[in-house]
2 protein chains.
Amino acid sequence: MAVATQSLEQLCINSIRFLAVDAVEKAKSGHPGLPMGAAPMAFVLWDKFMRVNPKNPQWFNRDRFVLSAGHGSMLQYALLYLAGFDSVTIEDIKQFRQWESSTPGHPENFITAGVEVTTGPLGQGIANGVGLAMAEAHLAAKYNKPDAKIVDHYTYVILGDGCNMEGISGEAASFAGHLGLGKLIALYDDNHISIDGSTDVAFTEDVSKRFEAYGWHVLHVKDGNNDLAAIEKAIADAKAVTDKPTMIKVTTTIGYGSPNKQNTAGIHGAALGADEIALTRSNLKWEYAPFDVPADALNHMRKAVERGAKAESEWNQVFASYKAKYAKEAAEFERLLSSKLPDGWDKVLPTYTPEDKGLPTRKHSETCLNKLAAVLPELIGGSADLTHSNLTEIKGEGDFQKGQYQNRNVHFGVREHAMGAICNGMALHNSGLIPYGATFLIFTDYMRAAIRLSALSLAGSIWVMTHDSIGQGEDGPTHQPIETLASLRAIPNLTVIRPADGTETSGAYKVAIANAKANNPTLLAFSRQNLPNLAGSSIEGVTKGGYILVDCQGTPEIILIGTGSETNLCVTAAEKLTAEGKKVRVVSMPSTDLFDEQNAAYRESVLPKAVTKRVSVEAASSFGWHKYIGTEGEAVSIDRFGASAPGAVCLEKFGFSVENVVATAKKVLG
Amino acid sequence: MAVATQSLEQLCINSIRFLAVDAVEKAKSGHPGLPMGAAPMAFVLWDKFMRVNPKNPQWFNRDRFVLSAGHGSMLQYALLYLAGFDSVTIEDIKQFRQWESSTPGHPENFITAGVEVTTGPLGQGIANGVGLAMAEAHLAAKYNKPDAKIVDHYTYVILGDGCNMEGISGEAASFAGHLGLGKLIALYDDNHISIDGSTDVAFTEDVSKRFEAYGWHVLHVKDGNNDLAAIEKAIADAKAVTDKPTMIKVTTTIGYGSPNKQNTAGIHGAALGADEIALTRSNLKWEYAPFDVPADALNHMRKAVERGAKAESEWNQVFASYKAKYAKEAAEFERLLSSKLPDGWDKVLPTYTPEDKGLPTRKHSETCLNKLAAVLPELIGGSADLTHSNLTEIKGEGDFQKGQYQNRNVHFGVREHAMGAICNGMALHNSGLIPYGATFLIFTDYMRAAIRLSALSLAGSIWVMTHDSIGQGEDGPTHQPIETLASLRAIPNLTVIRPADGTETSGAYKVAIANAKANNPTLLAFSRQNLPNLAGSSIEGVTKGGYILVDCQGTPEIILIGTGSETNLCVTAAEKLTAEGKKVRVVSMPSTDLFDEQNAAYRESVLPKAVTKRVSVEAASSFGWHKYIGTEGEAVSIDRFGASAPGAVCLEKFGFSVENVVATAKKVLG
């Protein structure tokens, strides 16, 4: 039997390899190459270092493991199964990539307990890892006491060549180096193969030197296939360097063990086939049937259950003593972990009357953020180098910097994409933090993949997006969103809110904070320019997405539907039309997403089917508005790119004026 | 007068500075800091090196200049004005950032002759520059002869800290280093300031070391404010290194000359104000009125006109002699420059009948690409490391690699965003090349900013996107587009086409190639899975966006509207409904964008207003479909994220079956 011919370590490593080989073969789909090559480093990491409790995957102080090279998902499922997580049984592995299995094609945190973040889109995982490490550093700086370290874990990431080619990983690594995140340890599976073949065809840079340039501690394990001692030493050395993140380049062979396919792109993303599997079994002296894990290997790996229980139990003692000494901090910390909000938190959100000075909604956003920050210590975030344009600074709070991790103002640099994934990582630390990331609305294009992942993976990030229309002005069409709102509203499970004034901005934040605690992201779109405070605007209205702002007696002849900075045009246009004897309703529609979630009766009460004459007014694309204006309606919109000129000129020239709204309404009225 | 107190060089440099200062002050908007700091390097570059013909901005063999730090647009406008381009007069500069001026907020190639690419969204310009340099290298390798170099120019880029923080610049620089693009020279305006203040708050990596890691030749000018000789030497040294791109770090002071604001974020993006301008004038001993350029400076800079005319004239002679010796190559080259297509090019596009084997549209795409590549030497492109999934290889053609620039198969690596901007750069080389870039449809999210810029800046790129729905299957929701089509259709001036079968794929390419020559981009969405060839599908129909594929006698009771892989479901559903006595029309709608461009009569003929019972069928979000199905219609769609399972299972489970289309139609029929 194999036990006689290979060490316990090799037995464990080959168990990982063949679980991957067999699962991919059964599914006839998947990526065996990475798990076969990265099995040794993953084994050493999980056997010698990872502190997790398989029976309580959400134990707070666990080490976080991220498989940034998410296509190698079977590596992670094999580890979870072998370590004793209930979320992945051998039957689950046999259902790899099948409908409603707990073992989907790529690791999905919302499906499989033990998976921390959703990976697959390359480069996201390592950037999530930076966010996880930042969350740890922040909470540690804030809550740990000299005599009680209640926050103390590492974040480990396995990433591949593909991750390292993506720009987002460079952004995130540069930022992690800047921050000196010593408890972030990345293992780079340097296998020299990507889908197009050898990395020689496209990727010949010196990755280690690049990470050194970012300020990382860089190590190299030359034989990642066999030199387990070198892997163990490298990880130990990485842990010993506490002021820099560490990148360990581990040179491996993709598909290790497959005589004909290892070290080729052919094994990256396809089943080996029965013949090659037989040869691989023979080559690795693996005498076990498919999905059969030798008892010695399983028993050894399952020691993780006992280790994990002990680790959690020890931590519970530490926390109990912490709680005894530091009751106030412990109470706050426990509230964070509970995902609960403090009583009355939303009372700090201001409301306004038309007498209050008109301000840009980005300015109201600043007020909300600051008032919320005072009552919600879990609010942490910042801007991608537009702090004083986005107005996202928490006043009186310091900057989150190396050695100053207790602070909450994060300067992400001009790194929108990494900012997105870092916020997601902080949210998915599942410690109650509410991260926010800000830039100009147009630059959501740079971070769209991360915004999508926030919605997919239930990361309660808040996206604070300012300069939300051609009202942006002089910067011109490269900076003026047109299709941007539509493109974001189309994302499932992302709530987009574009408030009309100060009160609606408070409503937007009320929704966003509640969403965050329910693990859902929210995107807020704010104006650069001043807007009047409207009579009748309400927080309650915002929570319903759309509501009647101005109404007439009886059934309206026409409904004007506005969002954000154009809502006030609708109000004034309605006054003029009313003066001419028309029966006009104005609907404020800060969020079509929320409106669509209301019941049919409410929607009918706001937009009665019988009233077919409708005009939407939004300084953005008409795309998507026909759902609300119907076939007889008109959209006052902009369906071309914008132009460079003062914002007021742009708005006027493109038809966002009371006169044009009135004229369009009359056209619709016929 | 100033002439006595400063050199001619300083006079020119200060002319640039004060044009920027005065234009921003007049507009009360703009970014004076970069032009003031980068004026010396820009002056040396344009005075000593740039070969352009101001009176013929499109002269083919000009050096290309890209201001990647596009917010510093006044630097570029000042250079164009001083060098004698007719597109920017002093009156135009006085209209900086005003409605319909030729001096918009950021450089826009489609507005201002002499501007090569549209910049402002950071990092795009340096990646465009890589594309420009690739175009030059490709054409040089293909057309130059030992005795006649008709393609021989440099690409110069000025980029800033912001560009260098963006991931896209890292991707592009890594790829440029890999390719050894020796005629790409980037000047990095190292001024240590970004909007949030000192780069110390977010960006402390060693940029030079990073570029060395990418394989670049790296130089440093320590005093970029005053050491003109060092700048000149660095550029000369850069030109001398022909096997690597060069990055020259030029350390400067942002807002140089402003006593109180230089070296602060305050001067990055705001007017100086009258008081500080007076102090700056005094400090730099500038005695000229606003917008007044000393004659000596203007005369000196305007020598560019004579130099340019001479350069073009010399090139014309070289080309004449080339044409005499190499008539065939010259004819092809001239055709490329003319933007004309060869006669009968579209005859190579195949059509199919239902008897032909059903294939995935990505496979038909491969056929089209290969047939077109045989008749269109200007077709060049590839995939972001998914060549054999996207099926984008030109068979029998070599790989575009260092020293093998004549080849047309580009391996972009896993760098979607850079791929996008590189393709745009190749298209905007304006030499007739038709670049294409490919990845999975979902990963347009990674390159969306570049796709948008292709549409805005009139870059005729072709985006080849495969695996276009949940039919993608096992990879699961991270890889399955849902909202992606809607988000792309919303982009102005981007034609999105999702063909239903082989013939429609040919139609899609016919549109895409014609679009490319008209400087408009096209995005093609192809299926992973097999699709039957449909009776009645046509190339002509695709060019109209939507057309009647199956019709009934008389006025239809219901219209089924399908796109791409769901069109055949509509056809079969119509057969079943017809068998039950219903009058059914099927409209194939491969491109809502093209359909919207048709005249009202045509649109009415396809979707008569009187027929209000309509069903759209697309394995994607319903977002945007209400425009076509109206208030009484239904969308067979998927408005949640997908799932990991075999593609056919996903489609069936989410309702993309004939049965569900029939059931939905019956529901609509009532």
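Quick notes on this one:
- Note on the stretch B:172-221: among residues that are within 21 Å of B:Thr264 (Cα to Cα) and aromatic (Phe, Trp, Tyr), the one that is farthest from the chain's Cα centre (by Cα) is B:Phe203.
- For B:Gln98, the conditions (1) free of Cβ contacts under 8 Å to residues at least 24 places away in the same chain; (2) assigned to a loop (DSSP other than H, G, I, E, B) are fulfilled apart from (1).
- Residue in the stretch B:17-30 that is farther than 24 Å from B:Glu287 by Cα, surrounded by fewer than 24 Cβ atoms within 10 Å (Cβ to Cβ) and of a type in the set (Lys, Arg) present: no
- Exactly one residue out of A:Ser73, A:Ser68 is surrounded by 24 or more Cβ atoms within 10 Å (Cβ to Cβ), polar (S, T, N, Q) and at the interface with another protein chain (Cβ under 10 Å from one of its Cβ atoms), and it is A:Ser73.
- Some residue of the stretch B:281-294 being over 14 Å from B:Ala83 (Cα atoms), small (Gly, Ala, Ser) and assigned to a helix (DSSP H, G or I): yes
- Identification of helices (runs of 4 or more DSSP H) wholly contained in the stretch B:444-520 with 3 or more residues that are facing chain A (nearest Cβ under 8 Å) and either of a type outside the set (Gly, Ala, Ser) or surrounded by 24 or more Cβ atoms within 10 Å (Cβ to Cβ) (or both) yields B:448-456, B:484-489.
- The number of residues in the stretch B:156-215 being at the interface with chain A (Cβ under 9 Å from one of its Cβ atoms), small (Gly, Ala, Ser) and within 17 Å of B:Ile254 (Cα to Cα) comes to 3.
- Within the stretch A:542-549, the presence of at least one residue that is part of a helix (DSSP H, G or I), in contact with a helix residue (DSSP H, G or I) (Cβ under 7 Å, 6 or more places away or on another chain) and surrounded by fewer than 24 Cβ atoms within 10 Å (Cβ to Cβ) is confirmed.
- The residue of the stretch B:357-412 that is farthest from the other protein chains (Cβ to nearest Cβ), among those that are assigned to a strand (DSSP E or B) and more than 29 Å from B:Pro245 (Cβ to Cβ), is B:Leu359.
- Under the condition of being among the acidic types (Asp, Glu) and either in contact with a Gly (Cβ under 8 Å, 6 or more places away or on another chain) or touching a residue at least 40 places away in the same chain (Cβ under 8 Å) (or both), the residues counted in the stretch B:378-415 number 3.
- Count of the stretch B:76-90 residues which are farther than 18 Å from B:Ile158 by Cβ and either facing chain A (nearest Cβ under 10 Å) or assigned to a helix (DSSP H, G or I) (or both): 1
- Flag for B:Asp343 being without any contact (Cβ under 8 Å) to a residue 24 or more places away in the chain and under 29 Å from the mean Cα position of the chain (by Cα): yes
- Some residue of the stretch B:141-152 being in contact (Cβ under 8 Å) with a residue 40 or more places away in the chain and crowded, with 22+ Cβ neighbours inside 10 Å: no
- Single unsatisfied condition, A:Pro556 versus (1) buried (at least 17 other Cβ atoms within 10 Å of the Cβ); (2) under 30 Å from the mean Cα position of the chain (by Cα): (2)
- Boolean, B:Asn263 is under 17 Å from B:Asp190 (Cα atoms) and assigned by TED's automatic domain parsing to the domain that holds B:Ile185: yes
- The test for being surrounded by fewer than 24 Cβ atoms within 10 Å (Cβ to Cβ), over 23 Å from A:Ile380 (Cα atoms) and either away from every other protein chain (no Cβ under 14 Å) or without any contact (Cβ under 8 Å) to a residue 24 or more places away in the chain (or both) holds for A:Ala535.
- Evaluated against (1) surrounded by fewer than 24 Cβ atoms within 10 Å (Cβ to Cβ); (2) within 30 Å of B:Phe333 (Cβ to Cβ), B:Phe175 falls short on exactly one condition, (1).
- Single match in A:Arg603, A:Arg585 (criterion: more than 14 Å from chain B (Cβ to nearest Cβ) and closer than 16 Å to A:Ile559 by Cβ): A:Arg585
- Inter-residue pairs, beta-carbon under 6 Å, first within 25 Å of A:Pro532 (Cβ to Cβ) and in the stretch A:588-600, second β-branched (Val, Ile, Thr) and in a helix (DSSP H, G or I), 6+ apart: A:Ser588/A:Thr567; A:Pro590/A:Val542
- Filter result for A:Gly420 (away from every other protein chain (no Cβ under 12 Å), at pLDDT 95 or above, under 10 Å from the mean Cα position of the chain (by Cα) and not in a strand (DSSP E or B)): no
- Residue match in the stretch A:1-14 (condition: among the small types (Gly, Ala, Ser) and under 17 Å from A:Gly114 (Cβ atoms)): no
- Qualifying residues in the stretch B:91-138 (those that are crowded, with 24+ Cβ neighbours inside 10 Å and polar (S, T, N, Q)) - the one farthest from the other protein chains (Cβ to nearest Cβ): B:Asn128
- The requirement of being over 19 Å from B:Pro290 (Cβ atoms), touching a residue at least 12 places away in the same chain (Cβ under 8 Å) and either part of a helix (DSSP H, G or I) or among the β-branched types (Val, Ile, Thr) (or both) is fulfilled nowhere in the stretch B:10-31; no residue meets it.
- Filter result for A:Asn430 (more than 11 Å from every other protein chain (Cβ to nearest Cβ), of a type in the set (S, T, N, Q) and not in a helix (DSSP H, G or I)): yes
- A:Ala229 surrounded by 22 or more Cβ atoms within 10 Å (Cβ to Cβ), more than 26 Å from the chain's Cα centre (by Cα) and of a type outside the set (S, T, N, Q): no
- Screening the stretch A:269-283 for residues that are among the aliphatic types (A, V, I, L, M) and in contact with a Lys or Arg (Cβ under 7 Å, 6 or more places away or on another chain) and picking the one that is farthest from A:Met74 (Cα to Cα) gives A:Leu272.
The values are calculated or read from the model by the stated rules, or taken from the named source; none is laboratory data. In this text the structure is predicted, and so the values were computed from the model without any measurement. Virtual Cβ from ideal backbone geometry, glycine too; neighbours counted across all protein chains shown.
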